[in-house]
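J.: Mind looking over this structure? Questions follow.
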Amino acid sequence: MYCERMPLSITSSGPNEQTMTHTAEPITVEVHPTAGFSKKLRNIPVPIGTKLMMSYLLVIGLISVIFMVVGIWLIRSLILSEAQEKVRNDLNSAREIYLSELMHIDDTVRSTANRFFLRDALLSGDMDFAFDEMTRIKETENLDVLAITDKYGYVLIRTCNPDLKGDNQGHDEIIHRVLYSKEPIAGTIIVSGDDLLRDTPALAEQAHIQLVDTPLARYREETEVTDGMMLKAAAPILDYKNNLIGVVYGGVLLNQNYAIVDKVKQTVYEDLTYKGQDIGTATIFMDDVRISTNVKNKDGARAIGTRVSEEVYDQVITQGEPWIDRAYVVNNWYITAYEPLRDVYGRIIGILYVGLLEQKYQDVQRQTGLFFLAITIAGAAASMVVSYFVARRILGPIKKLVTASQEVAQGNLDAEVLVSTNDELRYLADSFNAMARSLKKRDEQLKDFATQRIMESERLALVGQLSANIAHELNNPLQGIVTFSHLLLEDSVCDDATTRFSLEKIVGQANRCRDIIRGLLDFSRQRKPEKALCNLNEVLHECVSLVEHQSLFHNIHVDNYFQEDLPMAIIDHAQIERVFINMIINAAEAMEGSGHLTISTRYNPENEFVEVALSDTGPGINEENLKKIFDPFFTTKDIGHGTGLGLAISYGIVKGHKGTISVDSEEGRGTTFVVGLPIKANGDYGEVSTHG
């Protein structure tokens, strides 16, 4: 047997504390300077009402911000889309006005070409009457140019410059088309400065425009333009046999002619202004130069000679695609629409533009956004007020629950919560009330149980004290009975069989009484265990060797399953040996001297106990007896074959070692006792558990 005293070194450091002396490495603890402050912040109690209100504020604030951002973006998009749609429609209207002016010129020229006096004048050579009539038509129809050529393109009559005639206009694109097709035609063309000068010096002067340096415009070397953009029409003059005898052509110069753009402004925008500026503007570009516009410079004059931005030029002139978007026009931002102007051959020679002042839409957008913001803030404020009352409605039952829980914590188990809401809080209140009632019932049961245990403990103490006194008083006369009965048996006088049988009965019963008295003394006066470190495997080997040669164990097979590296337990060797011998003998008696006894050891790291399990193949213990198995004087053995103190004494010994003892049994399946003993010097008393 290996058993040694446990080497402990205890140093007293105060009246109420002890420390284990050991050698350890020094420990360095680094504390972050803000860790304590953060921990304090986390430990600050925050009422649930504040949390609810903060949650409402967070949700309402987040939704309001999202609502405002999305709403303002939608408003801006809708306003911009509406403005772009309007300016697109305005461009359609401007185009119709532009084309109507071209159609007016075309109709005038056609009707003039179809008049008989021109046919007769050309056939007869009398041009005076024709000149007078042509002059009247030019003035009446507000044409800048009205003239007649012969069938080869030589000018016969020029109303605006009657002294100049005989020059050939066959190079003019429109006149050239009529000379070869004999069909009337109208369109927008670029007229050179020389041709304008032939018609009249006034037109050449009107066409002359100085270019103005314009921000964002493309680079251009020229500083002026002398060519003119003209709405021009031409129609053939046919004789009575439909032979071409001449051409009538007429037109209106667009350079610095504001009739069309002002008509667009008046018709489409009704001359409306916003903060002193025209809401709508229109412009006719020759290439990228404003030749006719009502867009104003900063000095209030028309922005003639300014140019379109390079970005718009590339899309409209170069790519031939319309532009409908915001653009910087001279000195302000506009929602604009541009489309290309083409000549009779489809070449892009200019741009038609309309625009809406963006500032008005920005102000509308800003006012709508502010109104929307006010509505959102008002809605958020109303939501906060509603959430406050909702929170109060929720907090009312919660406060009742808190108050009731505090009363229960202070011992008032009659506390009850009354909640009238038909929601989870009511279910919580009902559960709380049920819990309080259950606690009260359990408290009463515990009081009854404690009272019974106290009474039982007092009874056991009284029984123990009485048993000790009785055992002490009976021990001396019982020793005399045992001694004299043995002397009588040894006396040769007792040869009679009947007398000898009676004396043997007396000796047996006296010995039994002595065992009972010894058990009573052991139960009532259990000594404090003298603990030391011991190997339970060695203790169990000794126990088995002490009983294995008894006749009771001749037909019992003992199996040992001992853990080899089993830690040593802190026990009183003699007392624990008594416990195991008692359990081994009980198992053998339960199996009636025939069966298998299995003894095993193991280490349980969870509670740091060494556990010993003793399993037999006996009949088992029923559930009713299992509950009383550790009670003093309880035994299932036949009368005269047990005192009922063995397991009670074993329980007391294990309890004195701060260990555990449990039993698991079922009728017909044998019984298993498990004893747990600590490997450390400290610990609490274990509980006894039974399992059926």
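The values are calculated or read from the model by the stated rules, or taken from the named source; none is laboratory data. A quick note: this is a predicted structure, and the numbers were derived from the prediction, not measured. All Cβ positions, even for glycine, are placed from backbone atoms using ideal geometry, and neighbour counts span all protein chains on display.
J.: Taking T376 as meeting all but one of (1) in contact (Cβ under 8 Å) with a residue 24 or more places away in the chain; (2) part of a helix (DSSP H, G or I); (3) closer than 23 Å to L272 by Cβ, write down the number of the exception.
T.: Answer for T376: the failing condition is (3).
J.: Determine, yes or no, whether Q277 is touching a residue at least 12 places away in the same chain (Cβ under 8 Å), surrounded by fewer than 16 Cβ atoms within 10 Å (Cβ to Cβ) and in contact with a Lys or Arg (Cβ under 9 Å, 6 or more places away or on another chain).
T.: For Q277, the condition - touching a residue at least 12 places away in the same chain (Cβ under 8 Å), surrounded by fewer than 16 Cβ atoms within 10 Å (Cβ to Cβ) and in contact with a Lys or Arg (Cβ under 9 Å, 6 or more places away or on another chain) - is met.
J.: While we're here: Under 8 Å between Cβ atoms, at least 6 apart or on separate chains: pull out the pairs that start in region 538-551 with a residue that is under 22 Å from D565 (Cα atoms) and in the same structural domain as L566 (by TED's automatic domain parsing) and end on any residue that is surrounded by 14 or more Cβ atoms within 10 Å (Cβ to Cβ) and of a type in the set (S, T, N, Q).
T.: Hits for this filter: L540/T601.
J.: Can you tell me which residue is nearest to P340 (Cα to Cα) among those in region 287-307 that are in contact with a Leu (Cβ under 8 Å, 6 or more places away or on another chain) and assigned to a strand (DSSP E or B)?
T.: V289
J.: Read through the list (1) crowded, with 16+ Cβ neighbours inside 10 Å; (2) at pLDDT below 90; (3) in a helix (DSSP H, G or I), then give the number of the only condition that K165 fails.
T.: Condition not satisfied by K165: (3).
J.: Please go through region 381-434 and give me each residue that is in a loop (DSSP other than H, G, I, E, B) and either in contact (Cβ under 8 Å) with a residue 12 or more places away in the chain or under 31 Å from the mean Cα position of the chain (by Cα) (or both), ordered by number.
T.: Taking region 381-434 first, the residues in a loop (DSSP other than H, G, I, E, B) are 410-423.
Within region 381-434, L413, D414, A415, E416, V417, L418, V419, T421, N422, D423 meet the criteria.
J.: Just the residues that are surrounded by fewer than 23 Cβ atoms within 10 Å (Cβ to Cβ) and among the hydrophobic types (A, V, I, L, M, F, W, C), please, taken from region 655-664. So that I can check it myself, show each step before the final result.
T.: As a first pass, look at region 655-664 and keep what is surrounded by fewer than 23 Cβ atoms within 10 Å (Cβ to Cβ): 655-656, 658, 660, 662-664.
Listed by number, the list holds a single entry, V663.
J.: Please go through region 191-239 and pick out each residue that is out of contact with any Leu (no Cβ under 9 Å at 6 or more places or on another chain) and among the basic types (K, R).
T.: Within region 191-239, R218 is the sole residue that qualifies.
J.: When you go through (1) outside any helix (DSSP H, G or I); (2) in contact (Cβ under 8 Å) with a residue 60 or more places away in the chain; (3) under 20 Å from A113 (Cα atoms) one by one for I174, which number turns out not to apply?
T.: Of the numbered conditions (1) outside any helix (DSSP H, G or I); (2) in contact (Cβ under 8 Å) with a residue 60 or more places away in the chain; (3) under 20 Å from A113 (Cα atoms), the odd one out for I174 is (1).
J.: Of the residues E321, E339, which is modelled with pLDDT of 90 or more, among the acidic types (D, E), assigned to a strand (DSSP E or B) and within 54 Å of the chain's Cα centre (by Cα)?
T.: E339
J.: If you take the residues of region 353-368 that are part of a helix (DSSP H, G or I) and in contact with a helix residue (DSSP H, G or I) (Cβ under 7 Å, 6 or more places away or on another chain), which of them is surrounded by the fewest Cβ atoms within 10 Å (Cβ to Cβ)? Spell out the reasoning first.
T.: Just the residues of region 353-368 that are part of a helix (DSSP H, G or I), to begin with: 358-368.
Okay, now just the ones that are also in contact with a helix residue (DSSP H, G or I) (Cβ under 7 Å, 6 or more places away or on another chain), so 361, 364-365, 368.
Working: Y361: 21, V364: 14, Q365: 19, T368: 16.
Looking at residues that are part of a helix (DSSP H, G or I) and in contact with a helix residue (DSSP H, G or I) (Cβ under 7 Å, 6 or more places away or on another chain), I get V364.
J.: Test L146 against the criterion of being at pLDDT 90 or above and not charged (D, E, K, R), and give yes or no. So that I can check it myself, show each step before the final result.
T.: Details: at pLDDT 90 or above: yes; not charged (D, E, K, R): yes.
Criteria met by L146.
J.: Looking at V191, V212, which one is at pLDDT 90 or above and surrounded by 22 or more Cβ atoms within 10 Å (Cβ to Cβ)? Show your work before the answer.
T.: On the way: V212 fails: surrounded by 22 or more Cβ atoms within 10 Å (Cβ to Cβ).
Exactly one residue qualifies, and that residue is V191.
J.: So which residues in region 435-456 are at pLDDT 75 or above and among the basic types (K, R)?
T.: At the first step, the residues of region 435-456 found to be at pLDDT 75 or above are 435-452, 454-455.
R437, K440, K441, R442, K447, listed by residue number.
For (1) polar (S, T, N, Q); (2) within 23 Å of D195 (Cα to Cα); (3) touching an Asp or Glu at 6+ places or on another chain (Cβ under 9 Å), each residue gets a yes or a no:
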site: I105; (1), (2), (3): no, yes, yes
site: S111; (1), (2), (3): yes, no, no
site: L118; (1), (2), (3): no, no, yes
site: K138; (1), (2), (3): no, yes, yes
site: L143; (1), (2), (3): no, yes, no
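J.: Moving to a separate point now. What pairs come up if the first residue lies in region 256-273 and is acidic (D, E), the second is at pLDDT below 90 and assigned to a strand (DSSP E or B), and their beta carbons are under 8 Å apart, counting only those six or more places apart or on different chains?
T.: Between residues of region 256-273 that are acidic (D, E) and residues that are at pLDDT below 90 and assigned to a strand (DSSP E or B), the close pairs are D271/D278.
J.: Oh, and also: Which residue is farthest from the chain's Cα centre (by Cα), if the candidates are limited to region 78-95 and must be surrounded by fewer than 17 Cβ atoms within 10 Å (Cβ to Cβ) and under 20 Å from V261 (Cβ atoms)?
T.: Ranking the qualifying residues of region 78-95, first place goes to R95.
J.: Something else now. Select from region 310-352 the residues that are out of contact with any Asp or Glu (no Cβ under 9 Å at 6 or more places or on another chain), surrounded by 17 or more Cβ atoms within 10 Å (Cβ to Cβ) and closer than 17 Å to T214 by Cα and list them in ascending order.
T.: Across region 310-352, the qualifying residues are V329, V330.
J.: From the residues in region 381-395 that are out of contact with any Gly (no Cβ under 7 Å at 6 or more places or on another chain) and surrounded by 14 or more Cβ atoms within 10 Å (Cβ to Cβ), which one is nearest to I279 (Cα to Cα)?
T.: Just the residues of region 381-395 that are out of contact with any Gly (no Cβ under 7 Å at 6 or more places or on another chain), to begin with: 381-390, 392-394.
Remaining after also requiring surrounded by 14 or more Cβ atoms within 10 Å (Cβ to Cβ): 383-384, 387-388, 394.
On the way: S383: 41, M384: 43, S387: 47, Y388: 49, I394: 57 Å.
Among those that are out of contact with any Gly (no Cβ under 7 Å at 6 or more places or on another chain) and surrounded by 14 or more Cβ atoms within 10 Å (Cβ to Cβ), it is S383.
J.: Is there any pair linking a residue in region 589-602 that is in the same structural domain as G618 (by TED's automatic domain parsing) to one that is part of a helix (DSSP H, G or I) and aromatic (F, W, Y), with Cβ under 9 Å and at least six apart or on different chains, and which?
T.: Partner pairs satisfying both residue conditions: G593/F553; L597/F553; I599/F580.
J.: For K182, only one of the following conditions fails: (1) touching a residue at least 60 places away in the same chain (Cβ under 8 Å); (2) crowded, with 20+ Cβ neighbours inside 10 Å; (3) basic (K, R). What is its number?
T.: Failed condition: (2).
J.: Among the numbered criteria (1) loosely packed, with under 12 Cβ neighbours inside 10 Å; (2) at pLDDT 70 or above, which one does R459 miss?
T.: (2)
J.: Against the condition assigned to a helix (DSSP H, G or I), without any contact (Cβ under 8 Å) to a residue 60 or more places away in the chain and in contact with a Leu (Cβ under 9 Å, 6 or more places away or on another chain), how does K447 come out, does it pass? Spell out the reasoning first.
T.: Values: assigned to a helix (DSSP H, G or I): yes; without any contact (Cβ under 8 Å) to a residue 60 or more places away in the chain: yes; in contact with a Leu (Cβ under 9 Å, 6 or more places away or on another chain): no.
Against the criterion (assigned to a helix (DSSP H, G or I), without any contact (Cβ under 8 Å) to a residue 60 or more places away in the chain and in contact with a Leu (Cβ under 9 Å, 6 or more places away or on another chain)), K447 does not qualify.
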